[in-house]
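Data first, discussion second: the structure below is written as structure tokens.
The values are calculated or read from the model by the stated rules, or taken from the named source; none is laboratory data. From a predicted model like this one, the values you see are computed outputs, not experimental measurements. Every residue, glycine as well, gets a Cβ built from its backbone with ideal geometry; the counts of neighbours run over all protein chains shown. Accessible surface areas use protein heavy atoms only, side chains included; no ligands, DNA or RNA. Shrake-Rupley method; radii C 1.70, N 1.55, O 1.52, S 1.80 Å.
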Amino acid sequence: MKKITFFALAALAVAGCSRETDLYEGPQQPSAEEHAKQLLGTSFDVNQSYDMLKSGSVEIAADVESYVGFKSGKFEVAKIQILSGNPFYESDVVVLNEASASQGETKTLYFDAPADQEVLYAAVVSKDNRYRVKAFNIGDSKVSFIANPTKARATTRANFNEASTGTEVETPTCKFRRMSNNYGARTDTKWAGNVYWKDSYWNDRLYDMTATVEALEDFTTEERAEVNGIIDVFTPETVDNRNSIKQSEFYIETSNYFTATQEAKPIKVTFIHSGASVIDKEHLYYYYYNPADVAGMDDEQRTEYLEQLPKYCLINCKDTHASGHWQFTKRAFRYTLAYFGDEKAPADGTQGTYAFPAGYKIGFMLWTEYPNAVELYSDPLLNNEINFYGAWAEAQMGKNMSRAAIYGANGKNYVGFEDWKDNDFNDVVFQVEGGIEIIDEEQFLDKGVYTYAFEDTENGDYDMNDVVIKAQRQNATQVKFSLEATGAYDELYIKTSDSKLQLATLGSKEVHQLFGLGSTKQFVNTVEAEQHVQAVQELVTVPANFSFGGLGKAIYIENKTKGKTVRLAEKGQDPHGILIPYDWQYPQEYICVNAVFSRFNNWGANRIDATDWFKYPGSKAYTKSKFE
């Protein structure tokens, strides 16, 4: 800590906190709280505890259902985790704790979260880094991944708009029939230029279904947040999403076809979202085929074969929601796909089954009657006419481009159709579940970092960098501590007041000596222009119930030069030592914390205001301070 006389305090308070010298604790020094008020320019909330952590524990059951994943095989459980957020639609999600686990095993994990956070996420992670996450409220005692079945009631197309719910029906009867109306069938053989349709009377291939439909309860608040978040990430509104679709591994490998699994579970579709203003003029169809039937075919032969397959009308979109809905996300009805055998033209009234043969491919088609009656396919090959026709050509999709985005998140598959030309692919969005392979993305998440920032005395200069220690949980019983910086000239030692927390390395020498320096008269990693010195790290074994908000607070600083002990600030004190649940970019030397973090004073004066002030550094933060 640098020195000037105490009488300069008034001038410093007027000029601000930035300076090239530090403060001397003379005989007439004010209390630490009055000193902080003068220097920082604010009165601190008398109830300000400086406790930016909310600590707790939760029992997590690794009871996820096994499934077959696209290119990933079975979901084999490797570990459980607690996450700061939902990695499928939130950025900067970190792991707060983790432990190894096996299928069905239950373990308790302890966590430390930001004090203003109410919800965390439990995660079950597979050996190949596939994730299943579930939200829980801080204070919940247990998290289970066994899905609470969405309440549903079997109903028929004649009355499926009834909103009542009951017991879900897995195997209702289904029948197939020819369409009872024309739906605007074309009779022309040529659209425009050299674009031809091979089957001019195309509604001979379109069929209706008489099947049981399940009326569902709507999303919970948490479910709706997840679905909205996933849609906003994968197919955001008014964004051209073509490139992300073309680069999708699923799109490249499968041409956007789902694959039926050996479990022979029913394949179900839930219509959840529309960004289309003409949703009442659209209908969702599906079709299927045996991949052996197209083996060896070139693109032209395959296209002709697939065009002639029966297309079954699963959802008349205007019946699912009232006309004019825009950007809704609602779960109302679930529809089950039926398998009617491999006949190219099944007889009217053919009884179907919900068990698709393993390995069969399932594709989707969106039929729209606005501004013309056209078919839009998830298969890229089947759009090589529509992508060059009329207003649809304005989308500039070109040849071999799908009209659907297919993606997976949290064990669920989603399909989003583009019905015209803005390329955001969220005009009709539905979820597909059941007896199909799951589309999974690998997740690689960083572990959460916590920052101890100390002044070297209670009456400090509040650049909060005299001793900076960062810490990161490695697993349930190991924490990596890292001495990152010192902005003091005093003789300083890192201590702990609890024998359960032994810092064998960091507690063995004076702080400057730990950095390999022979003198205390040198700053380390607080002056941006100077060379960055490698941090000093130590892996520490801790009790399974360790938390930074509990045992972690035993860490303190001993200043032998001044005969002072500096601990983490407690309720009503000045902020001479703070513990931040973040990989904090602390201030550079001579720069006061509120000059770098503009909302620090807001938080200091009112403990419920600007609680995430530490996430938004200004230009005077030490930018090399990222935990490694």
Solvent-accessible area per residue, Å², over the chain with all protein chains present [probe radius 1.4 Å]
41 Å²
Cα radius of gyration and Dmax for the range 401-454 (Å):
17.8, 59
Hey, what's the Kirkwood Rh for the range 484-628 if you take every pair of different alpha carbons, in angstrom?
16.7 Å
Put one equal scatterer on each alpha carbon of the range 344-456, apply the Debye formula with no solvent term, and list log10 I(q)/I(0) at q = 0.09, 0.15, 0.16, 0.18 1/Å to two decimals.
-0.39, -0.82, -0.90, -1.03
What is the distance, in nm, between label points placed 7 Å from the Cα along the Cα-to-Cβ direction at Val294 and at Lys142?
4.7 nm
Normalised alpha carbon radius of gyration of the range 271-321 [divisor 2.2 N^0.38 Å]
1.55
Could you compute how much accessible surface Tyr339 exposes when probed at 1.4 Å, giving the result in Å² to the nearest 10?
30 Å²
Tell me which GluC sites (Glu not before Pro) from the range 530-565 have a DSSP coil assignment and no more than 14 other beta carbons within 10 Å of their own.
Glu530
Distant-in-sequence amide H partners of Glu528 (H built 1.01 Å from N, under 5 Å)
Glu589
Mind checking which lysines have their Cα closer than 17 Å to the Cα of Lys71? Skip sequence neighbours fewer than 8 apart in that chain.
Lys127, Lys361, Lys412
For Asn372 and Glu105 in the same chain, what is the full-extension length gain: residue separation times 0.36 nm, less their Cα-Cα distance, in nm?
90.6 nm
Computed E for Asn400/Asp348 - FRET, C-beta separation, R0 45 angstrom, nearest 0.05
0.80
Which ³J(HN,Hα) values in Hz, rounded to whole numbers, follow from the phi angles of the range 53-69 under the Karplus curve 6.51 cos²θ - 1.76 cosθ + 1.60, where θ = phi - 60° and Gly and Pro get x?
10, 10, 9, x, 8, 8, 8, 10, 9, 7, 9, 5, 6, 6, 7, 9, x
Förster radius 35 Å - calculated FRET efficiency between Val239 and Thr505 (Cβ-Cβ, nearest 0.05):
0.10
Search the structure for amide H atoms under 5 Å from the amide H of Gln478, placed 1.01 Å from N in the peptide plane, and list their residues when 5 or more places away or on another chain.
Val542
Loop-located GluC sites (Glu not before Pro) in the range 82-129, at most 11 other Cβ atoms within 10 Å (DSSP):
Glu118
The chain: Rg to Rh, with Rh as the Kirkwood radius over Cα pairs
1.11
So how compact is the range 205-338: Cα radius of gyration and Dmax in angstrom?
17.0, 49
Of all accessible heavy-atom area on the chain, the percent that carbon and sulfur account for (1.4 Å):
46 percent
